[in-house]
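The values are calculated or read from the model by the stated rules, or taken from the named source; none is laboratory data. Not measured: the values here are computed from a predicted model. FYI the Cβ positions are ideal-geometry reconstructions off the backbone, even for glycines, and counts take in every protein chain you see.
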Amino acid sequence: MLRCLIVDDNPYFLRAARCLLEHQSVTVVGMASNGTDAVRLAELLRPDVALVDIDLGVECGLDLADRLQREAPAPLPVILISSHAEEDYADLIEASPAVGFVSKAVLSGDAIRAAVGGVDDSQRDDPANGHAGG
């Protein structure tokens with residue numbers, strides 16, 4: 001099962017997204033509302049993917065995507081999310097290290113799996129990759 005970290009400054013969205021995704025075979029291993037907590041949880045929990053809101057209030061999700069690439073212990077695919085249309089951020093998304101963008105309005109397990117390109121379940125569950133079980 002895909003293991004996900006969600007980073008958003010809206011506590012209502014965090015809870016709703018967790019509920020939605022867990023009903024769609026995505027395990028939400030952690031939730032953070034700021035970059036410091038996101039990096040710490042990425043190091044501790046080693047998720048398969050991080051969903052990062054582009055607008056984190058006083059922080060920029062695009063900067064956090066860069067930080068997660070530099071500071072995570074293993075390569076961590078980042079999917080940028082926003083309530084705004086992808087076209088509003090197209091150039092910034094393209095220049096970021098993110099593997100994709102998913103609008104919050106269409107967030108789903110399938111959309112996440114499509115953005116990460118279908119990470120092989122056997123690799124996620126391999127203890128040598130830091131993940132035991134799903």
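Points to keep in mind about this one:
- Test for residue 112: is it part of a helix (DSSP H, G or I), within 10 Å of the chain's Cα centre (by Cα) and either buried (at least 19 other Cβ atoms within 10 Å of the Cβ) or without any contact (Cβ under 8 Å) to a residue 60 or more places away in the chain (or both): yes
- Unique match (being at pLDDT below 90 and not in a strand (DSSP E or B)) among 90, 128, 98: 128
- Residues of segment 4-50 satisfying the condition of being hydrophobic (A, V, I, L, M, F, W, C), within 20 Å of residue 70 (Cβ to Cβ) and part of a helix (DSSP H, G or I): 38, 39, 41, 42, 44, 45
- Qualifying residue in segment 63-79 (condition: surrounded by 14 or more Cβ atoms within 10 Å (Cβ to Cβ), under 22 Å from residue 16 (Cβ atoms) and out of contact with any strand residue (DSSP E or B) (no Cβ under 6 Å at 6 or more places or on another chain)): no
- All positions within segment 12-39 that are closer than 17 Å to residue 78 by Cα and surrounded by fewer than 14 Cβ atoms within 10 Å (Cβ to Cβ): 36
- Any hit, segment 81-89, residues being touching a residue at least 60 places away in the same chain (Cβ under 8 Å) and touching a helix residue (DSSP H, G or I) at 6+ places or on another chain (Cβ under 6 Å): yes
- All positions within segment 51-62 that are part of a strand (DSSP E or B) and surrounded by fewer than 21 Cβ atoms within 10 Å (Cβ to Cβ): 55, 59, 60
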